[in-house]
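*Asks:* My questions will all concern the structure given below.
Rule-based calculations on the coordinates, nothing more; no lab input. Small disclaimer: the values here were computed from a predicted structure and weren't measured.
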Amino acid sequence: MKAKNLFGGKIRQFRIEAGITQEELALRSGLSQGYINQLECGKRNYTQKSMELIAKALSQPVINFLKEDEGGADAKVADKTVMYKTRSAYKKDFLSVLNDLPETVISHYLTILKIERDLLKRHRKAVL
């Protein structure tokens, strides 16, 4: 399947799952309804910016728009890729927020994060 058709099909799929119209998606993304329609029909190519705007409007990682619905090992690898990319984005956001906080607040949150990490390790050992 061509990438633009895959992307357009995914837009339609996620939009319908979200229960919104093309007009609502257009309002949320800042793009025109006609452009959204043309993307969904595969009549128009997407740009990186439009892909990001639509993904944000539909609360989906961009990678979800580019992977085909398949099962098996490929799906597991794709899931790991999504988790890694999402995690990296969270790290960047987290670090930028930390840069704006006073040292005492950072110390407080670091203590909480260490406790959370230790609890997660204990939980994993208990499950195994």
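*Asks:* With the cut-off at 31 Å, tell me which of the pairs K10/K125; K49/K114; K67/K91; K43/K92; K10/K91 have Cα atoms farther apart than that.
*Replies:* Too far apart for the 31 Å limit: K10/K125; K49/K114; K43/K92.
*Asks:* OK, next. Could you tell me which of rounded, prolate or oblate describes the stretch 3-65, using a ≥ b ≥ c as the square roots of the eigenvalues of the alpha-carbon gyration tensor, with rounded for a/c under 1.5 and, failing that, prolate when a/b is larger than b/c and oblate otherwise?
*Replies:* Note, shape of the stretch 3-65 comes out rounded.
*Asks:* Just need the relative contact order of the stretch 3-65 here, percent rounded to a whole number, with Cα pairs under 8 Å and 6+ apart.
*Replies:* In percent, rounded to a whole number, it is 42.
*Asks:* Under the 0.36 nm per residue contour assumption, what length would be gained going from the current alpha-carbon distance of E24 and I63 to full extension?
*Replies:* Extra length from E24 to I63 when fully extended: 11.8 nm.
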